[in-house]
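Written below as structure tokens is the structure these notes are about.
The values are calculated or read from the model by the stated rules, or taken from the named source; none is laboratory data. Because the structure is predicted, anything quoted here is derived from the model rather than measured. A quick note on method: Cβ atoms are made from the backbone with ideal geometry, for glycine too, and the neighbour counts reach across all protein chains shown. SASA here: full protein model, heavy atoms, side chains in, ligands and nucleic acids out. Shrake-Rupley method; radii C 1.70, N 1.55, O 1.52, S 1.80 Å.
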Amino acid sequence: MIAMVTGASSGIGEELAKNLASRGFNLILVARRGERLKEIKDKLTSIFDVKVKIICADLSVTSECVRLYEEVKGVRIDILINNAGFGLFGRFEETDLDRELEMIDVNIKAVHILTKLFLRDFSKRNYGYILNVASIAGFMAGPLMAAYYASKNYVLQLSRAVSQELKQNKVNVYVGALCPGPVDTEFNRMAGAEFAVGGASASEVADYALNEMFKGKNVIIPKKEMKALALAAKVLPSKWMLWGAYFAQKARRGDPSEN
Ligand SMILES: NC(=O)c1ccc[n+]([C@@H]2O[C@H](COP(=O)([O-])OP(=O)(O)OC[C@H]3O[C@@H](n4cnc5c(N)ncnc54)[C@H](OP(=O)(O)O)[C@@H]3O)[C@@H](O)[C@H]2O)c1
């Protein structure tokens, strides 16, 4: 059994890789930082009886997404986890456009491309799992992280819609979205902010995510507080959620309005 994890060089992706190795999966690990992937490979192969292949790819580049697919398309991959992604904090009019477009390329375009290319193969053989890492942010609009929240809405809704298409057509392929709240990873450093509340550990999120994925749950929300937040986003007036999201983001260290 083989699983491919993008963004496996740190955080949730690294923990998903470790957890999958502990379940006996051979791995294909993808990210830009090759040395980090090599360290993770060495660690995992010294603990678990698994094979690990590493592929360096910059998923913000369309041709790199396609190259990744071409490189592994002859391999029978059972699980694809589109986890690579990052956030960007700040007022929309002030955030750097190039960085934001890079984020859209990784968070949306790469997920879109890889989901489509692998799904075609998985559908033909009527088996496989594609887990897309969205976020609790996917359930709402996020002032001060506007494009990040919007990108995760895309990932969540794309995954839900594709999953429904597969169900209607009785295709035995899983497509789901993982929607964590704050998780302690390198995410904040990359986004240029801190969480206002303490985050969950990446290892508990990874374990919960994989257990729920194997049960066939299509929208996976670790932690009951985050399930309550997703429910609130469905039932409360959207202007209350917008107000709450603004102040939750503003409470992060790095609030641009305090500079
Ligand atoms: N932490 C949270 O609070 C949280 C909450 C909800 C959802 N998420 C989502 O969880 C996912 C993983 O984030 P994390 O929290 O684990 O953060 P992280 O520790 O910063 O990990 C991000 C991963 O994405 C990879 N990545 C970033 N840009 C890339 C690119 N252009 N090409 C290839 N790989 C790239 C990074 O690898 P390289 O830098 O080596 O390329 C790294 O392995 C993201 O999609 C994030 O949006 C995080």
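Among the protein heavy atoms, those of residue 212 account for about 20 Å² of accessible surface (1.4 Å probe, every chain in place).
Computed from the C-beta positions of residue 150 and residue 243, the FRET efficiency with R₀ = 22 Å rounds to 0.80.
Taking all protein chains as they are arranged and a probe of 1.4 Å, the heavy atoms of residue 94 leave approximately 100 Å² accessible to solvent.
Inter-part distance, region 1-23 to region 107-181, computed on C-alpha centroids, equals 18 Å. Accessible area per residue was computed with a 1.4 Å probe on protein heavy atoms; residue 167 scores about 110 Å². Across the chain, the relative contact order, built from alpha-carbon pairs under 8 Å that are at least six residues apart, equals 18 percent. Using only the Cα atoms of region 134-259, build the gyration tensor, take square roots of its eigenvalues as a ≥ b ≥ c, and label the shape rounded, prolate or oblate: rounded if a/c is under 1.5, else prolate if a/b is larger than b/c, else oblate. In terms of gyration-tensor shape, prolate.
Per-residue ellipticity at 222 nm computed for the chain from its helices equals -15500 deg cm²/dmol, with DSSP H segments shorter than 4 residues left out and the rest contributing -39,500 (n - 2.57). As an equivalent ellipsoid, region 57-202 spans semi-axes of 28, 17, 14 angstrom, where each value is the square root of five times an eigenvalue of the C-alpha gyration tensor, largest first.
Computed from the C-beta positions of residue 227 and residue 127, the FRET efficiency with R₀ = 25 Å rounds to 0.30. When the P(r) of the chain is calculated, the portion above 22 Å amounts to 53% of the C-alpha pairs.
Of the residues 47, 75, 86, the one whose Cα sits farthest toward the positive end of the charge dipole of region 41-164, with +1 on the Cβ of Lys and Arg and -1 on the Cβ of Asp and Glu, is 75.
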